[in-house]
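As structure tokens, the structure follows; a few thoughts come after it.
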Amino acid sequence: MILSAESQKTIDSYLAALRKQLRPLRPDDANDIVEEIHAHIVDKIGGDNSSGVTTDGDVGSTLAALGTPEELAARYRTDELLKRAQSTRSPFVSLFSLARWATLSLIGMIAFILSMAGYTVGTLLLIAGMLKLIYPNNGGIWFDPKPGSPPVNLLHILRGGMVDGSAGFSFGSGNNWTHPGHEVFRHGLAPFSLALGVLLIFLTFRLGTWCIRKFWRPSALRQA
Amino acid sequence: MKETAIPAIDTSEKFEVQLRKGSLELAILAVLWDRRLYGLEILRELESKSDLIVVEGTVYPLLNRLRALSLVESEWVESDSGHPRKYYRLTAAGRQRALEMTRIWTRFSSRMNHLLAHLDEETELISAMEARKGAV
């Protein structure tokens, strides 16, 4: 098989672009993938050509069948990311993977939203517990029931002033503050808030990992 | 109540895509059943022996994934063509998975064929009538 300088250049730049796109992967894995794709291109061009002379058109159609380097790398990257998420112990890797998955499927989006909610509430419980330990009188969580409003929307986590009575999570600062409702975690229950926060983050992490293991299908299957 | 018509072609295409999606993994495990093959050979086998239209850029990431799941293993082998090729072969877990999937597939397709038998006759009848009309 004879490759023209132009064809060789096209292949080289395709592989260089692919290698660049595969940077988030481990170098050995990226090398392995690039080598395999290189072998595929050479075999495909050689196999499709009985004349032994390769045209730019042969190279173009072979590369087109693989997709752009970005598309091809994205399939490997997503698979690698979600594969890593199945065995990771980091909530950040898990959440990042779920965010990527959320762009690809409805189940991914639901898992991501649930995880975001779990991590947010867990983190707020941790913050509230810590504030309670540091500022026993004006740090913590309060319900601020207002007529006609569901209580779940009326959580306040505060340290000091600035309560405008609006619904939702609130943070504040200042000295002249009186809490707007009744307190959820009183002084002795700060450790409970901390423990609940840690537990919720842990369960959310396990839920995200379980969703990935249970429902995620490799990108190659989705795009076939 | 007003009914919304779904374009028949769109629905048929989606149905076909879903069928192919579900069978690609099994097809790859099947072609690797009794021998080791490299990527392009797998593609050629799928093209010649199945009705699957496989996009080349999707098979390699899938092989990578199957390897990560320990269903296949790979090795680089020097070839006469002057460059090494990455060969894939089934692992014991891959064989197990292929058998399980085949069992499910066979049971499912057998029941579906039974269910669709009378529709098949209808389809043949309609085709014959259309052919006759065309001839006239």
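The values are calculated or read from the model by the stated rules, or taken from the named source; none is laboratory data. Fair warning: this is a prediction, and the values are worked out from it, not measured in the lab. Note: ideal-geometry Cβ built from the backbone for every residue, glycine included; neighbour counts use all protein chains shown.
Data for the structure
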{"read-out": "Any hit, the range B:31-41, residues being at pLDDT below 90 and among the hydroxyl-bearing types (Ser, Thr, Tyr)", "value": "no"}
{"read-out": "Single residue of A:185, A:169, A:202, A:112 found to be within 27 Å of the chain's Cα centre (by Cα) and at pLDDT below 75", "value": "A:169"}
{"read-out": "Candidate set from the range A:66-81 (those that are in a helix (DSSP H, G or I) and at the interface with another protein chain (Cβ under 7 Å from one of its Cβ atoms)); member that is modelled with the lowest pLDDT", "value": "A:79"}
{"read-out": "Helices (runs of 4 or more DSSP H) contained entirely in the range B:25-136, each with at least 3 residues that are within 14 Å of another protein chain (Cβ to nearest Cβ) and without any contact (Cβ under 8 Å) to a residue 40 or more places away in the chain", "value": "B:39-49, B:56-68"}
{"read-out": "Yes/no for residue A:57 being over 36 Å from the mean Cα position of the chain (by Cα), within 11 Å of chain B (Cβ to nearest Cβ), at pLDDT below 90 and surrounded by fewer than 20 Cβ atoms within 10 Å (Cβ to Cβ)", "value": "no"}
{"read-out": "Which numbered condition residue A:115 misses (of (1) out of contact with any Cys (no Cβ under 9 Å at 6 or more places or on another chain); (2) over 19 Å from residue B:65 (Cβ atoms); (3) touching a residue at least 60 places away in the same chain (Cβ under 8 Å))", "value": "(1)"}
